[in-house]
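Presented below is the structure to which this report refers.
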Amino acid sequence: MKKSEKIIEKLILISAAVATISVALITVFIFQSGLPVLADYGVFHFIFGTTWSPTNGSYGILPLIFGTLWVTIGALVIGIPTGLACAVFLSEILPRKWAKAFRSAIELLAGIPSVVYGFFGLVVIVPAIRTYILPIYKIFNPEASATGFSILAGAIILAIMILPTIVSISENSISAVPKEFKEASLALGAGKMETIVKVLIPAARSGILSSIILGMGRAIGETMAVLLITGNMAKIPGSIMDPVATLTGTIAMEMGYASPTHQQALFAVGIILFIIIMLLNIIAQLSMRGLGGKAS
Amino acid sequence: MKKIFAIALVTVLALGALAGCGKQGGSADSGNAITGTVVTAGSTSVQPLSEELAAVFMDENPGITIEVQGGGSGQGIKAIQEKIADFGALSREVKEEEKAAVAQEYVIAKDGVAVIVNRDSKVEELTLEQIKKIYTGEITNWKDVGGVDASIVVVSREEGSGTRGAFTEITKVAGKNEAGVEVDNTTKNSLVQGSTGAVMQTVATTPNTIGYVSLGSLSDTVKAVKVEGVAPTEETVLSGEYKISRPFLYVAGGEPSEAAKLFIDFILSEEGQKIVEESGFVPVK
């Protein structure tokens with residue numbers, strides 16, 4: 001028995017080592033491939049340059065950074081209220097047996113491949129924006145681009161994609177709030193809505209925040225869906241109806257045919273993406289500690 | 001515990017014996033014919049054609065396995081540099097900086113790039129000059145080239161794409177600037193799509209669009225315009241009347257292996273070129 005335990009222990013050690021080593025190897029590989037271009041071209045020029053045109057030797061990724069940030073922010077603006085409302089509805093308002101059906105439907109969303117979301121966006125969301133929203137928008141801005149490939153389209157699709165993450169984690173943490181909190185609030189004469197808004201949500205805030213951070217991570221990293229529907233125009237956008245190119249989309253789209261220097265530049269884009277996500281993680285963890293992660 | 005070990009041991013032994021059988025049987029079957037594996041990697045435009053050719057070739061030469069991989073033209077050069085492929089497939093000419101890696105170059109087919117517009121467009125015909133001006137952003141309204149009064153929505157392929165390279169070079173959208181450096185002047189106000197299918201879909205569903213795809217992928221969902229009065233067809237590409245066309249290349253890093261040589265001979269044979277034609281591309285012989 002002792003021998004087999006030892007073997008199992010070794011196996012677990014190996015699995016743990018493989019996971020850690022893969023992360024280290026990926027990091028080393030990305031940095032090794034991308035750093036030469038960053039050094040040659042200049043980090044400042046690379047990050048703040050406004051022209052992304054690798055065939056011509058211009059590697060300014062500011063338009064791509066803007067594209068990624070705008071699409072992500074848009075997704076969060078649409079996704080957080082929807083997701084939170086849905087979580088509250090499922091855990092506090094809907095009768096239990098109905099909630100089960102709703103929950104599995106939302107969890108199903110997480111299983112759909114992202115390229116399917118992208119195609120859905122291409123044939124449904126983009127034409128819908130062109131037919132229904134652009135005519136209204138054009139009254140105020142007649143010069144607007146008239147295609148529907150836009151930040152808005154990307155944000156809508158990403159919002160749907162991050163819903164399962166936000167809903168399921170928020171719902172869990174709302175359900176985990178001790179029953180006494182709710183009972184005490186109701187006993188003091190607070191209404192149902194008052195209890196939800198003033199007691200339950202604040203008590204579950206750290207779980208809600210972590211759901212938002214996970215959702216944001218997914219939105220920034222998402223590639224295929226965004227690639228198909230944002231138009232991939234490497235230009236700093238003027239409004240949410242403008243097409244944009246994102247960091248991930250550009251890497252995925254251009255890697256296949258890239259010449260050697262171009263390929264290194266794409267790895268350098270990967271480095272920047274890496275750093276942005278690390279920063280967001282650190283900020284998120286700090287702010288979570290600030291909020292005091294007690295209740296979840 | 002002991003039982004499990006015994007079962008595992010028996011399984012391993014059995015598998016080993018079976019594998020041995022397979023090997024012996026294989027070598028007996030093929031006799032003294034050439035055997036081996038040929039790997040091609042590179043342009044995704046060439047990939048469907050390579051697969052078609054490989055399927056027929058493998059039927060006729062059971063001892064040889066052809067592996068067709070994609071990755072893009074740049075990847076094709078990389079693959080022969082790293083010696084992980086026998087042939088790199090390119091859908092463009094070999095670039096100056098890549099010449100050192102290439103020892104052999106075979107033109108296996110030609111492909112035309114069709115300029116497409118939305119089906120509702122009134123425009124039937126464009127000159128190379130007009131196409132150039134549309135793609136460099138000098139002409140931005142359809143009424144300047146004989147269409148309705150509406151802004152032109154330019155759809156382009158991604159930077160580095162072979163189709164884009166061929167298109168911009170032939171239409172002079174790319175050219176040398178005052179300093180003598182080759183520059184791609186495609187307007188920044190163009191939508192960019194990462195594949196032929198996505199370009200087709202965008203042009204088919206969006207009003208006032210113009211795009212370009214390879215001739216083999218053309219379908220009824222979009223309208224191909226005449227360039228300099230010539231419609232894009234196989235005959236006009238081969239005869240050179242249709243101006244926007246490009247070569248499909250196989251490149252090798254050194255002397256090809258026997259099996260690889262057999263494959264390239266097959267492609268350039270009458271039978272191989274017939275497959276090229278059936279796949280919608282233009283045979284070179």
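The values are calculated or read from the model by the stated rules, or taken from the named source; none is laboratory data. What you see is a predicted model, and the numbers here were worked out from it, not measured in a lab. Because the Cβ atoms are built from the backbone with ideal geometry, glycine has one as well, and the counts that use them run over all protein chains shown. Quick note on the areas: whole protein, heavy atoms, side chains included, nothing else; ligands and nucleic acids left out. Shrake-Rupley method; radii C 1.70, N 1.55, O 1.52, S 1.80 Å.
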For A:105-116, A:249-260, A:41-52, ranked highest to lowest by mean beta-carbon neighbours within 10 Å, the order is A:249-260, A:41-52, A:105-116
Lys pairs in chain A with Cα under 28 Å (8 or more apart in sequence, or on separate chains) total 19
Here the whole-number average of other chain Cβ atoms within 10 Å per Cβ of B:91-97 is 1
Contact-by-burial set, region B:168-200, min loss 40 Å², accessible area of protein heavy atoms with 1.4 Å probe, reference chain alone, gives B:Asp184, B:Lys188, B:Asn189, B:Leu191, B:Val192, B:Gln193
Heavy-atom accessible surface buried between B and A, both sides counted, 1.4 angstrom probe, nearest 100 Å², is 2500
Expressed as a whole number, the average count of other chain Cβ atoms within 10 Å around the Cβ atoms of B:156-167 is 5
Inter-chain shielding metric for B:42-51, i.e. average beta-carbon neighbours from other chains within 10 angstrom, reads 1
By the Cα gyration tensor axes a ≥ b ≥ c (a/c under 1.5 gives rounded; else a/b larger than b/c gives prolate, otherwise oblate), the shape of region A:3-290 is oblate
Rg/Rh of region B:112-245 (Cα atoms, Kirkwood Rh), to two decimals, equals 0.93
So, with points 7 Å from each Cα along the Cβ direction, the A:Ile30-B:Ala150 label distance in nm works out to 4.2
The alpha-carbon center of region B:133-148 and that of region B:220-284 are separated, in whole Å, by 31
In Å², rounded to a whole number, the accessible area per residue of region B:112-245 with probe 1.4 Å is 41
Once A:Ala99 and A:Ile139 are pulled to full extension, the length gained, defined as 0.36 nm per residue separation minus their Cα-Cα distance, is 10.1 nm
The set of residues whose placed amide H lies less than 5 Å from the amide H of B:Glu67, leaving out same-chain residues fewer than 5 positions away, is B:Val38, B:Val39, B:Thr40
Carbon/sulfur accessible area of the protein assembly as shown, % of total, 1.4 Å probe, equals 63
With T = 37 °C, eta = 0.692 mPa s and Kirkwood Rh from C-alpha pairs, the Stokes-Einstein D of region A:1-160 in µm²/s is about 157
Taking a ≥ b ≥ c as the square roots of the Cα gyration tensor eigenvalues, with a/c under 1.5 meaning rounded and otherwise prolate when a/b beats b/c or oblate if not, the protein assembly as shown comes out oblate
